[in-house]
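The values are calculated or read from the model by the stated rules, or taken from the named source; none is laboratory data. Keep in mind it's a predicted model, so treat the numbers as computed, not measured. Here the Cβ is made from the backbone with ideal geometry for all residues, glycine too, and neighbour counts use every protein chain on show. Note: areas computed on protein heavy atoms with side chains; ligands, DNA, RNA excluded. Shrake-Rupley method; radii C 1.70, N 1.55, O 1.52, S 1.80 Å.
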Protein chains: 2
Amino acid sequence: MGSGYPGVIHFVNVKGGTLLGKPVYRSILEVPNPVELAAMLIPADQVAPTLKACGQRGVRAVIVGAGGFRETGPEGAALEEEIIKIAKSYNIRLLGPNCIGLLDTHLPMDATFLPPPGPTIGDVAFVSHSGAICAAVIDWARGQGFGLSRLVSLGNQADVNETDMLVPVASDPHTNVVTLYLESISDGRRFVEQARQVTMEKPLIALKVGRFESGQRAAASHTGALAGEEHAFDAAFTRAGVLRAETSEEMFDWARALAWCPPAKGKNVAVITNAGGPGVTAADTLEAEGLRLAEFNEETRNALKEVLPPAASIGNPVDLLASATPTQFSESLKITLEDPGVDSAMVIFPPPPMFTAGAVAKAIIPIIHSSEKPVVVAVMGERLIQEAVEHLRAVHIPEYRFPERAAAALAVLSRRGDLMQSSQETPRIFTDVQPEVVQRVIEDSKNGEFMPTDKAHDVLEAYGIPVIRMHLAENPKQAAELAEKIGFPVALKVASADISHKSDIGGVMLNLSDADTVQQGCQMILEQARKAQPEARIDGVHVQRMVHSGQEVIAGAIQDPQFGGLVMFGSGGVEVEGLKDVAFSLAPLTPTEAGQMLASTWAGRKLAGFRNHPPADKDSVLEILFRLAQLVADHPRLAEVEINPLRVLEEDEGVMAIDVRVRVE
Amino acid sequence: MGSGYPGVIHFVNVKGGTLLGKPVYRSILEVPNPVELAAMLIPADQVAPTLKACGQRGVRAVIVGAGGFRETGPEGAALEEEIIKIAKSYNIRLLGPNCIGLLDTHLPMDATFLPPPGPTIGDVAFVSHSGAICAAVIDWARGQGFGLSRLVSLGNQADVNETDMLVPVASDPHTNVVTLYLESISDGRRFVEQARQVTMEKPLIALKVGRFESGQRAAASHTGALAGEEHAFDAAFTRAGVLRAETSEEMFDWARALAWCPPAKGKNVAVITNAGGPGVTAADTLEAEGLRLAEFNEETRNALKEVLPPAASIGNPVDLLASATPTQFSESLKITLEDPGVDSAMVIFPPPPMFTAGAVAKAIIPIIHSSEKPVVVAVMGERLIQEAVEHLRAVHIPEYRFPERAAAALAVLSRRGDLMQSSQETPRIFTDVQPEVVQRVIEDSKNGEFMPTDKAHDVLEAYGIPVIRMHLAENPKQAAELAEKIGFPVALKVASADISHKSDIGGVMLNLSDADTVQQGCQMILEQARKAQPEARIDGVHVQRMVHSGQEVIAGAIQDPQFGGLVMFGSGGVEVEGLKDVAFSLAPLTPTEAGQMLASTWAGRKLAGFRNHPPADKDSVLEILFRLAQLVADHPRLAEVEINPLRVLEEDEGVMAIDVRVRVE
């Protein structure tokens, strides 16, 4: 009632009587008008019969606040099962149990069980798996000078879960940004799809907690071992365009900027300040966040010179000096915002010695409001700057106490800008694949085990991934014959499960270019091996087509239990798990995501060439990632596919899967 | 005057007259009493003559606030040189110019040029290269509920610099923590020495800005290229026990915790909360910060069961449920603090629904004050929790709005605790070294160039670092003879500057164990090489003693212009710069630092063995790092020393420098 809800509210309690001057009905069945929503504040054991009554009364939406369900153990879980069944049978959508309800500050309606005051009216929606945090967020937001549009506490999610809430909450015209406090996600692929729908229109920020609880999956391949739950969440958030915050504070710092500013069209920032030190701090954080200080053009520099004293710095940061006037702030900001090389701006001021911070704020507000570029403000201090802070909050300009946080806000505006530009992409799919071949191999494979190497080769080749096959020769003569068949040059490797460091004992020879050398080499390898490890069982020599040397990377794919196919790329070799230079994306894969996987790993960046290594065939690597992603997306029973190493030859020379492991489940 | 300074203050101005009821002298020479400090608020061009008068008057300490010196260009720099000369000739210590002065809230004395109000009296000292930030810090600290003991703005540091201020500021009995806003350091080694002296007694926190300005050094070796200025600062701060903050906010978050709490004796944290969600957030951040949730013992769990309702979680975090009473907070906190497995604690509460946050604060304060373990509090919200916040601030208990920041505060208390335990260590020095041999090689070397390999080998061997030497054989017979001399087994490698991927073309053979095989192998290598690259110039074959396979790492050392010798360790090979898996420390090296270099790199961690690789000889690696550090500490002209790779054999089998580069400057 206190929220000012304009519709009719009825009270129901078995005891009857009156409350706040209105009748209290003894049962929902007695309530006269149509009822759209029932908010239940009753003990757990009363919920089932009351829910049944609601169902009979035709109520289709219910909030159950009470705890005492699944979260308390098996008995509570049984109770929860019961109310789920009742809700389903009456087509009731149920929020909770064990939640604090929901509110809408614009309708307005407050159906939470929190004591007043409710939140300030605003444009940030908050959807939370944690009920306890809601009261704190409402209170903290009030103090930070921003309001909420809607707040939803999800509780046990017996029915309605975080994914169900996304589109309804985001489609509220009063909501500019949706923030999510997530402990888990019920249906990964549906979340991605719904979240994607939201982020095409409005920013969605998630704080995913419980990172360290999830730990690492038990898995036999590197790909599996590295694909912890967090990688899957990151990949899913990337696909869905969700911005992932690291801390609660960061989430709401970002929310204000995204709610009140246009996205940045690029990464070039102008910094205007009356203080050198904080300017340097801002520059540090901007660079760390992937932004850069804009380079001003001639015109901008001349215009700045005209309005500023000679000792001022007209570089970037623009240092107005301690003596700066409010007009110098506003004029410098206007000039730099007009520079086409500037995409966003930050104004920083500690309490100015000669003027009030409030006067500076008042001077810059009209400039900020008349620009289409985002501007954030760092007003440094606390009590001396309150007036400035109030001015800025009143007109929805994001202000922060420190340049570091203002810089982070600009970074998220730039990320949102990037997202808007890449939003229409679809995954890359090839038509020259043979899913039926893979299907046959899967059906013939033993569950849970890695399949024999030749079968694994069949799977990859069916999706157009080139593999290198090994052939066993039992003696030098046979080796020479095999080599003739495969085509020169070839490599020889001693075939023995007992010898691990084959090249160390002279068990490997490369680039043999005719039958004689192969025969002679094979002889030598067998002799060396027998000499080095007389007790080893030696099957003969493996003959392979020689692959030119090149960079070696790992590429793999797994099925994530929540999000389905995930594809991996990174630094391979035996050390892949230690280096953790890997990136994951959802399958199938879009070109932007594939590009990001390369850009975010050293393994990917070095494909462009490094030191005396020539550029490698990056395009072929991208193609393999698309094909791998398509493979696991098409075949959910392929639990793990790993190519380690994938040899990457020089530009236009392709790639070759050297070692391959595939497991079916 | 407004600060309440108890001593005598005299005014001096050429115009004379009276000010605040006191006479204004026309010159410092007219002032009657002895003068200990002169604070000059006069234009730049008046500073020199006034300083001279001060010198004649016997003043030995002067603050020059005026700008218009070095920061404005060559003319200003000349003026600054002049005042330095005057100050020196009269034995005057000078703060500034271009600074806002200094203050001491306990004396009290405010010799800054800032408008009132000055800072609240407190126990955090702030020394700053940026003057502009001082007003903001004073104001912000007031709002955050902590006070300052001293504040020093260093300005242009014509005389007094950040290092000069460290010990005097820290020795103030009212100062519990020193915070530093640093843009650079004038004399690196002296800074380390003075800062170390401070941190043995009191915590010292530094925010070093200008990271991205410094960029990377131009250098020919990997070690040099990687040893950017930031690595040098990190190494110096580690040696000095300085805690390096990433942001201004973090610096003061830490400062409050360090000023008001004892250091933590270990990493096990108890978390007490009435809210599950924030408890999970806290656990995430604690783990990310290198702390862990304590495991409670039987007794603790039983005691918790007695005071809490059955639905409460007596694990860690202890979840008291939303219904928690202030007494349940205080009793749970008391019980967990008494558990010997708990080193520190965090109490988290959003506004509790049934009680006021203030009541919770009041209940826990006596428990916190009677424990010797540090406790920090996250009170979540803003207006509903003001009373709680005021209570906690009044009795110097660090409080934060979010569990993430409270967790970071506990982490710094644990780091301070670690530091106190390792503070007495000295660098490891070997006596079996031959500095005179190195000295001779240095004198014979060309400046700026890498020295010939055999000279580099001499340098390393003189400091007890085992190297592997290569010998050139021009033909198979000579190879066999050389091999006999070196001792079997040997490795052969084609000697040709024109062939880069030697093993790819069959130009390498390993582990040859008798003269016949060597002769035969040499023959084969030469043939293969000629066949593969007919145009290559081939000098013959290099014969080396065979080194067993093993892990390969990089170890190096350089001279940093600010901090002197720096030693490096990390993942080597050709990819060292891309992987950036490296750590740096100051030379000479202490055992703790050496251990840290291994612990903080994958190259170091994997020495313990990984996948099917056996444990490697970690002790020998540590010894090499000590010896390398000693080498560059003894010989400042050794600009770069790099071992890449350093082959690390299995346990007790030692290490071997395979490839070595040394440069003199």
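With the structure loaded, tell me whether B:K88 is open to solvent by 80 Å² or more (accessible area, probe 1.4 Å) and modelled with pLDDT of 95 or more or whether it fails that test. It is true that B:K88 is open to solvent by 80 Å² or more (accessible area, probe 1.4 Å) and modelled with pLDDT of 95 or more.
Just one residue in the set B:A311, B:A282, B:A324, B:A388 is modelled with pLDDT under 95, within 13 Å of another protein chain (Cβ to nearest Cβ), more than 32 Å from the chain's Cα centre (by Cα) and open to solvent by less than 10 Å² (accessible area, probe 1.4 Å); that residue is B:A324.
Going by the structure shown, is B:E577 touching a residue at least 40 places away in the same chain (Cβ under 8 Å) and within 14 Å of another protein chain (Cβ to nearest Cβ)? Judged against the criteria, B:E577 is a match. Do you know which residues across the stretch A:350-385 are more than 11 Å from every other protein chain (Cβ to nearest Cβ) and open to solvent by less than 20 Å² (accessible area, probe 1.4 Å)? Correct list: A:G358, A:V360, A:A361, A:I364, A:I368, A:P374, A:V375, A:V376, A:V377. Would you please name the residue that is farthest from the other protein chains (Cβ to nearest Cβ), looking only at residues in the stretch A:130-155 that are open to solvent by 10 Å² or more (accessible area, probe 1.4 Å) and part of a loop (DSSP other than H, G, I, E, B)? The qualifying residue farthest from the other protein chains (Cβ to nearest Cβ) is A:G155.
If the condition is being under 14 Å from A:S503 (Cβ atoms), assigned to a strand (DSSP E or B) and within 12 Å of another protein chain (Cβ to nearest Cβ), then the stretch B:485-507 contributes B:A491, B:L492. The set of residues in the stretch B:158-209 that are within 14 Å of chain A (Cβ to nearest Cβ) and either closer than 20 Å to B:R93 by Cβ or open to solvent by less than 10 Å² (accessible area, probe 1.4 Å) (or both) comprises B:E162, B:T179, B:L180, B:Y181, B:L182, B:A206, B:L207, B:K208, B:V209. No other residue among A:L79, A:L37, A:L102 is open to solvent by 10 Å² or more (accessible area, probe 1.4 Å) and under 15 Å from A:G131 (Cβ atoms) apart from A:L102. Annotation note: of B:A480, B:A555, the sole residue that is closer than 27 Å to B:V576 by Cα, at pLDDT 90 or above and not β-branched (V, I, T) is B:A555.
Just for the stretch B:269-279: of the residues that are assigned to a helix (DSSP H, G or I) and in contact with an Asp or Glu (Cβ under 8 Å, 6 or more places away or on another chain), which one is most open to solvent (accessible area, probe 1.4 Å)? Taking the candidates together, the pick is B:G276. When you scan the stretch B:508-533, how many residues do you find that are open to solvent by less than 50 Å² (accessible area, probe 1.4 Å), assigned to a helix (DSSP H, G or I) and more than 15 Å from B:I486 (Cβ to Cβ)? So the answer is 6. Filtering the stretch A:482-494 to residues that are open to solvent by 50 Å² or more (accessible area, probe 1.4 Å) and touching a residue at least 24 places away in the same chain (Cβ under 8 Å) leaves A:E484, A:F488, A:K493. Which members of the stretch A:423-441 meet the condition of being surrounded by 10 or more Cβ atoms within 10 Å (Cβ to Cβ), polar (S, T, N, Q) and either at pLDDT below 95 or touching a Lys or Arg at 6+ places or on another chain (Cβ under 6 Å) (or both)? Across the stretch A:423-441, the qualifying residue is only A:S423.
Of all the listed residues (A:T163, A:T179, A:T175), the sole one being within 20 Å of the chain's Cα centre (by Cα) and not in a strand (DSSP E or B) is A:T163.
Filtering the stretch A:574-582 for residues that are modelled with pLDDT under 90, open to solvent by less than 10 Å² (accessible area, probe 1.4 Å), part of a helix (DSSP H, G or I) and touching a Gly at 6+ places or on another chain (Cβ under 8 Å) leaves a non-empty set. Do the conditions hold for A:A536, that is, is it small (G, A, S), outside any strand (DSSP E or B) and more than 14 Å from chain B (Cβ to nearest Cβ)? Answer is yes for this residue. Among the residues of the stretch B:285-302, those identified as over 30 Å from the mean Cα position of the chain (by Cα) and crowded, with 20+ Cβ neighbours inside 10 Å are B:F296, B:T300. Within the set A:A456, A:A497, the sole residue that is surrounded by fewer than 18 Cβ atoms within 10 Å (Cβ to Cβ) and small (G, A, S) turns out to be A:A497.
Between B:V47, B:V31, B:V14, the distinction of being of a type outside the set (G, A, S), within 27 Å of B:I84 (Cα to Cα), more than 39 Å from the chain's Cα centre (by Cα) and surrounded by 15 or more Cβ atoms within 10 Å (Cβ to Cβ) belongs to B:V31 only. If you filter the stretch A:583-619 down to residues that are of a type in the set (S, T, N, Q) and not in a loop (DSSP other than H, G, I, E, B), you find that the one that is farthest from the other protein chains (Cβ to nearest Cβ) is A:T592. When you scan the stretch B:290-299, do you find a residue that is within 14 Å of another protein chain (Cβ to nearest Cβ) and not in a loop (DSSP other than H, G, I, E, B), even just one? Looking through the stretch B:290-299, at least one residue is within 14 Å of another protein chain (Cβ to nearest Cβ) and not in a loop (DSSP other than H, G, I, E, B). Within 24 Å of B:R401 (Cα to Cα) and within 11 Å of chain B (Cβ to nearest Cβ): is that true of A:D123 in this structure? Considered against the rule, which asks whether it is within 24 Å of B:R401 (Cα to Cα) and within 11 Å of chain B (Cβ to nearest Cβ), A:D123 comes out as no. The sole residue among B:V543, B:V547, B:V567, B:V518 that is closer than 17 Å to A:S503 by Cα and away from chain A (no Cβ under 11 Å) is B:V518. Among the residues of the stretch B:132-140, is any out of contact with any helix residue (DSSP H, G or I) (no Cβ under 7 Å at 6 or more places or on another chain), in contact (Cβ under 8 Å) with a residue 40 or more places away in the chain and more than 30 Å from B:Y400 (Cβ to Cβ)? For the stretch B:132-140, residues out of contact with any helix residue (DSSP H, G or I) (no Cβ under 7 Å at 6 or more places or on another chain), in contact (Cβ under 8 Å) with a residue 40 or more places away in the chain and more than 30 Å from B:Y400 (Cβ to Cβ): absent.
Looking across A:A594, A:A633, A:A603, one residue alone is in contact (Cβ under 8 Å) with a residue 40 or more places away in the chain, out of contact with any helix residue (DSSP H, G or I) (no Cβ under 8 Å at 6 or more places or on another chain) and surrounded by 24 or more Cβ atoms within 10 Å (Cβ to Cβ). It is A:A603. With respect to the stated conditions, A:M420 fails to be at pLDDT 95 or above and within 32 Å of the chain's Cα centre (by Cα).
A:G266 falls short on exactly one of the conditions (1) open to solvent by 10 Å² or more (accessible area, probe 1.4 Å); (2) outside any helix (DSSP H, G or I); (3) at pLDDT 95 or above; (4) touching a Leu at 6+ places or on another chain (Cβ under 7 Å), and that condition is (4). Of everything in the stretch A:248-263 that's out of contact with any helix residue (DSSP H, G or I) (no Cβ under 6 Å at 6 or more places or on another chain), more than 8 Å from every other protein chain (Cβ to nearest Cβ) and open to solvent by less than 10 Å² (accessible area, probe 1.4 Å), which residue is nearest to A:A324 (Cα to Cα)? That would be A:R256.
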